[in-house]
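Q: Sharing a structure, written as structure tokens. Questions coming.
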Amino acid sequence: MIQAPKTTDSREDFEPFIQIKDNYNFWYGSTQVLFDLNLDIPEKQVTAFIGPSGCGKSTLLRSINRMNDLIEGIQHTGDITIGDQSIYDPSLEVISLRKRIGMVFQKYNPFPKSIYENIVFSLRIAGRNKKSELDEVVERSLRGAALWDEVKDRLHESALSMSGGQMQRLCIARAIANNPEVILMDEPCSALDPIATGKVEELIHELKKDYTIVIVTHNMQQAARVSDRTAFFYLGKLIEYDVTDNIFMKPKNDQTEAYVSGRFG
Ligand SMILES: Nc1ncnc2c1ncn2[C@@H]1O[C@H](COP(=O)(O)OP(=O)(O)OP(=O)(O)O)[C@@H](O)[C@H]1O
């Protein structure tokens, strides 16, 4: 029998960069899906959100860049801060928040444009059209996404001619084009084969030198491989949050243990 959830969080000394705080709650209409969450996310590390389908991982991830705002009837209580600034500060424009946060989705979603134009898309929208600047951003972003050597000779070909793994790395390049501080990844490898997955995982390892990364994954081996800290959620509650090795090797909570050992979920 599944025991009543009990939240545990063995903290180490770290300066939180993102804080989910003040008992963060979230509702879609009258349905509450996140309950009393408090979670400190360290800077320039990888934090994984795991848990069974429907436990609220993506909702929490999409709260961090206020992507849920696009959905009618949502409500929240509590707060989320990034580097001490509340994302709900009325003086903060959502567009400037989103510049600080890149997002990578489950299904790679390049625009039907060239590789080059995919990366500079948001810069062009912001009116930045200087060729030398755009060239520099394209090279930096593609290098950052470990894709430069593979595509440098075909920057003006359609992004849709790339392999799935390359398209996902292009989406990562697009996410870092604006020099964000945070990258949110929602199951970034679920549509990729094992080789492409391995490349993205290697890339995540490189990216954390420069970015704070939060990743939602169903793949527990992936969470164990790529993340420094792991948060396990069940039915919208944070059950356990700890350094990843502890979650997988010596979880404190029976539900965490059952989930990471594949006994439910
Ligand atoms: N746009 C929406 N409107 C209403 N309910 C929603 C919406 N999006 C998600 N939900 C509900 O919120 C709950 C949490 O969903 P969420 O997608 O955050 O969970 P998840 O843990 O990421 O699941 P999965 O692993 O299957 O993607 C679920 O009950 C889901 O049905």
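Q: Helix 194-207: angle to the longest alpha-carbon principal axis of the chain, degrees 0 to 90, nearest 10?
A: Long axis of 194-207 versus the principal axis of the chain: about 90 degrees.
Q: How large, in Å, is the stretch 114-221 by the Kirkwood hydrodynamic radius built from its alpha-carbon pairs? Could the numbers behind the result be given before it?
A: On the way: mean 1/r = 0.0705 Å⁻¹.
About 14.2 Å, per the Kirkwood formula over Cα pairs.
Q: Just to be sure I understand: with springs between alpha-carbon atoms less than 10 Å apart, which residue in N109, N129, N118 has the highest mean-square fluctuation in the Gaussian network model of the chain?
A: N129
Q: Let me ask you something else. If I model the stretch 213-265 as equal point scatterers sitting on the Cα atoms and use the Debye formula, what is log10 I(q)/I(0) at q = 0.17, 0.30 Å⁻¹?
A: Treating every Cα as an identical point scatterer, log10 I(q)/I(0) equals -0.44, -1.49.
Q: Only sites in a loop by DSSP and with at most 10 other Cβ atoms within 10 Å count here; which GluC sites (Glu not before Pro) in the stretch 23-112 make the cut?
A: E72, E93
Q: Okay, next question. Cut-off under 17 Å on the C-alpha distance; same-chain residues fewer than 8 positions from K21 excluded. Which lysines are left, in chain and number order?
A: K57, K237
Q: Taking square-rooted eigenvalues a ≥ b ≥ c of the alpha carbon gyration tensor, is the stretch 63-113 rounded, prolate or oblate, where a/c under 1.5 means rounded and, failing that, a/b exceeding b/c means prolate? Walk me through the numbers before you get to the answer.
A: Numbers: a/c = 2.24, a/b = 1.59, b/c = 1.41.
Cα axes put the stretch 63-113 in the prolate bin.
Q: Does anyone have the angle between helix 164-176 and the longest principal axis of the chain? Alpha-carbon axes, 0 to 90°, nearest 10?
A: Approximately 90 degrees, to the nearest ten.
Q: On to the next question. Tell me the relative contact order for the chain as a rounded percent, counting alpha carbon contacts under 8 Å between residues six or more apart.
A: 29
Q: Connecting C-alpha atoms closer than 10 Å in a GNM of the chain, tell me which of S163, S91, S114 has the biggest fluctuation.
A: The residue that fluctuates most here is S91.
Q: Please identify, among D186, D228, D84, the residue showing maximal mean-square fluctuation in a Gaussian network model of the chain using a 10 angstrom Cα cutoff.
A: Looking only at D186, D228, D84, the biggest GNM fluctuation is shown by D84.
Q: With 5 Å bins from zero, work out the P(r) of the stretch 1-130 over every alpha carbon pair and list the percent per bin.
A: It works out to 2, 8, 15, 20, 19, 15, 11, 6, 3, 1, 1, 0, 0, in whole percents.
Q: Hey, could you get me the Stokes-Einstein D for the chain, Kirkwood radius over alpha-carbon pairs, 20 °C and 1.002 mPa s, rounded to whole µm² s⁻¹?
A: 112
Q: Determine the alpha carbon to alpha carbon distance for each of K107/K208; K208/K252; K199/K250; K131/K208; K131/K199 and list only those over 24 Å.
A: From K107/K208; K208/K252; K199/K250; K131/K208; K131/K199, over 24 Å: K208/K252; K199/K250; K131/K208; K131/K199.
A short reminder: the numbers here are calculations on the coordinates, not readings from a lab. Being a predicted model, the structure only gives us computed values, none of them experimental. Here the Cβ is made from the backbone with ideal geometry for all residues, glycine too, and neighbour counts use every protein chain on show.
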